[in-house]
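Asks: Supplied in structure tokens, the structure appears directly below.
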Amino acid sequence: MKLHDKTFVPYLSETAVLQAVEKVAQAVAEDYKHQTPIFVGVLNGAFMFVADFLKAYQYPCEVSFVKLSSYQGLTSTGIVETLLDLPENVEGRSVIILEDIIDTGRTLKELVHLFADKNVKEFKIATLFYKSSVYNGEYTIDYVGLDIPDKFVVGYGLDYNELGRNLKEVYQLNQNQMINLVLFGKPGAGKGTQAEFLKEKYNLKHISTGDVFRYNMKNDTELGTLAKSYIDRGDLVPDEVTIKMLQDEVEKNPEASGFIFDGFPRTAAQAEALDAFLAEKDMKINATIALEANDEVLIQRLLERGKVSGRTDDQDENKIRNRFEEYNQKTAPLKEFYETQGKFHSVNGIGAIDEITLRLAKVIEEL
Ligand code: AMP
């Protein structure tokens, strides 16, 4: 089945979905059938769930809706805006949120805040689908219909860019069509420049860990403050921090046709973490492509770039040499890691930008 540019494969039948709805309704009824709770559905995704839930819940109750919209930029929290606010009469009442799906828990946090000062008697969370493997664990999820793996799903209220909400069954994104690339090479090799072209050509999402760090430093986030001292010296930021950040960036783009990883992985631990993380999502790296150029050319390029970009780590030859040293010690050994997997490709990174793009495209098209 195709929605917009992507294909989806059947995942849950209508019967399986309705069984999960029934399960939630029964569990809630056990606890609330002697009260009159207010069910609050979260729009748009939960409309079908709320309708079938109420048909399965034949006890006194009220129903209402809220609508939130999440914009996901480069920050790890994202910004969530309230579009339709709470019902007035929640004070002293038992409120049960009805969510279609809970994954990372980002939207949930905003929901909980909405109710924080409302003096409700009880606040419970019920969700039809739950991705326990990516949930941040901040709040207890009280009722769950079905725990599902971390794959992009549509149907039964859930959409891909607004299509698919009317499907009675649930479908999964067909991950086999994805292309995930690692662009490999020393600082200044042209990874960022080439990624800009490749992402357009192949409809991929470009994740540059250096860019994400710089964005966070510019905005004075906690992550930015943490990374700054390392970046200023030309050292690598600790794996723990970088891996977590990378995972967040991938998770913000569940419907991507594929990713270009630029500046990640840079250590063996990062490469292993990336493989494990992608495997959980039924994804994999298709190819690692190295842009090759010698140090003297690279140093000249970086110093030139430093004049216009304002990047302090590009303006000082000692810092640049330290970054090369980090690369030689920690990143270069990854060549063998990807060679063992039969995924390593090498491209001459010296020449005109469009010629290099063609060299890269040739490798990608032969995959
Ligand atoms: P880049 O823009 O890729 O040259 O990255 C700039 C700086 O960000 C690097 O020198 C590191 O301090 C930090 N950085 C970027 N990516 C990583 C990574 N994968 N692991 C650790 N540090 C990183």
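Asks: Per the Kirkwood formula on distinct C-alpha pairs, the Rh of the chain is how many angstrom?
Replies: Details: mean 1/r = 0.0437 Å⁻¹.
Result for the chain, one decimal place: 22.9 Å.
Asks: In nm, what is the difference between 0.36 nm times the number of residues separating Lys284 and Thr312 and their Cα-Cα distance?
Replies: Values: separation 28, 0.36 × 28 = 10.08 nm, distance 3.46 nm.
That pair, Lys284 and Thr312, stretches by 6.6 nm at full extension.
Asks: Contour minus end-to-end for Gln175 and Phe337, with contour as 0.36 nm per residue of separation and end-to-end as the Cα-Cα distance?
Replies: So the chain would gain 56.0 nm between Gln175 and Phe337.
Asks: Ignoring ligands, DNA and RNA, what percent of the accessible area of the chain is carbon or sulfur (1.4 Å)?
Replies: Values: 8590 of 17460 Å².
About 49 percent, which is the carbon plus sulfur part of the accessible surface.
Asks: Here is a follow-up. How high is the FRET efficiency from Glu272 to Lys362, r the C-beta distance, R0 22 Å, rounded to 0.05? If you can, show how the numbers build up before the last one.
Replies: Numbers: r = 29 Å, r/R0 = 1.32.
About 0.15, to the nearest 0.05.
Asks: What is the stretch 69-227's relative contact order, in percent, from Cα pairs under 8 angstrom and six or more apart in sequence?
Replies: Computed over the stretch 69-227, the figure is 13 percent.
Asks: Next up: Between Glu240 and Asn203, with labels modelled 7 Å along Cα→Cβ, what's the label distance in nm to one decimal, could you check?
Replies: So the label points at Glu240 and Asn203 sit 4.0 nm apart.
Asks: Next up: Can you tell me the accessible area per residue over the chain, all protein chains present, probe 1.4 angstrom, in square angstrom? Walk me through the numbers before you get to the answer.
Replies: On the way: 17460 Å² over 367 residues.
Result: 48 Å² per residue.
Asks: With +1 on the Cβ of every Lys and Arg and -1 on the Cβ of every Asp and Glu, and nothing else charged, how large is the dipole of the chain about its Cα centre, in debye rounded to the nearest 20?
Replies: In debye, rounded to 20, the chain gives about 380.
Asks: Quick one: 3J(HN,Hα) in Hz for the stretch 274-287, Karplus 6.51/-1.76/1.60 with θ = phi - 60°, rounded, Gly and Pro as x.
Replies: Coupling constants for the stretch 274-287: 5, 4, 5, 5, 5, 4, 4, 9, 6, 10, 7, 7, 8, 7 Hz.
Asks: Amide H to amide H, which residues 5 or more places from Val120 or on other chains are under 5 Å from it, using H placed in the peptide plane?
Replies: Here the answer is Gly92, since their amide H atoms fall under 5 Å of that of Val120.
Asks: Then there is this: To the nearest 10 degrees, how steeply does helix 239-251 sit against the main Cα axis of the chain, on a 0 to 90 scale?
Replies: 60
Asks: Okay, moving on. Could you please tell me the mean projected area of the C-alpha convex hull for the stretch 258-332, averaged over all directions and given in square nanometres to one decimal? Provide the component values of the computation, followed by the final result.
Replies: Values: hull surface 23.9 nm².
Its Cα hull, projected and averaged over all orientations, spans 6.0 nm².
Asks: Further question on the same structure: Compute the helix-to-body angle for 47-56: its Cα long axis versus the longest principal axis of the chain, expressed 0 to 90° and rounded to tens.
Replies: Helix 47-56 sits at roughly 30 degrees to that axis.
Asks: Provide the per-residue ³J(HN,Hα) series for the stretch 161-168, in order, calculated from phi with Karplus coefficients 6.51, -1.76, 1.60 and θ = phi - 60°, each as a whole number of Hz, with x at glycine and proline positions.
Replies: With the stated coefficients, the stretch 161-168 comes to 6, 6, 8, x, 5, 7, 6, 7 Hz.
Asks: Past the 26 Å Cα-Cα mark, which pairs from Lys23/Lys168; Lys67/Lys281; Lys2/Lys191; Lys2/Lys244; Lys67/Lys201? Please report the intermediate quantities before stating the final value.
Replies: Values: Lys23/Lys168 18 Å; Lys67/Lys281 28 Å; Lys2/Lys191 33 Å; Lys2/Lys244 32 Å; Lys67/Lys201 36 Å.
As for pairs spanning more than 26 Å Cα to Cα, those are Lys67/Lys281; Lys2/Lys191; Lys2/Lys244; Lys67/Lys201.
Asks: Residues with amide H under 5 Å of Tyr156's amide H, sequence separation 5 or more or different chain, H placed in the peptide plane at 1.01 Å from N; which?
Replies: Amide H neighbours of Tyr156, under 5 Å, 5+ apart: Leu167, Lys168, Glu169.
Asks: Hey, how many Å between the Cα centroid of the stretch 298-367 and the Cα centroid of the stretch 1-39?
Replies: Each part reduced to its Cα centre gives a spacing of 48 Å.
Asks: Helix 14-32: angle to the longest alpha-carbon principal axis of the chain, degrees 0 to 90, nearest 10?
Replies: On a 0 to 90 degree scale, this one is about 60.
Asks: Something else about it: Quickly estimate the mean residue ellipticity at 222 nm for the chain, helices only: each DSSP H run with n ≥ 4 gives -39500 (n - 2.57), and the total goes over all residues, rounded to 500.
Replies: That comes out to -12000 deg cm²/dmol.
Asks: Pop a pseudo-label 7 angstrom from the Cα along the beta-carbon direction at both Asn253 and Tyr215 and give the gap in nm to one decimal.
Replies: 1.0
Asks: Here's another thing I want to ask about it. Over the stretch 1-152, calculate the relative contact order: mean separation of alpha carbon pairs under 8 Å at least 6 apart, over the residue count, as a percent.
Replies: 21
The values are calculated or read from the model by the stated rules, or taken from the named source; none is laboratory data. All of these numbers come straight from a predicted model, not from anything done at the bench. With ideal geometry, Cβ positions are generated from the backbone for all residues, glycine too; neighbour counts draw on all protein chains shown. These accessible areas exclude ligands, DNA and RNA; they are computed on the full protein's heavy atoms, side chains included. Shrake-Rupley method; radii C 1.70, N 1.55, O 1.52, S 1.80 Å.
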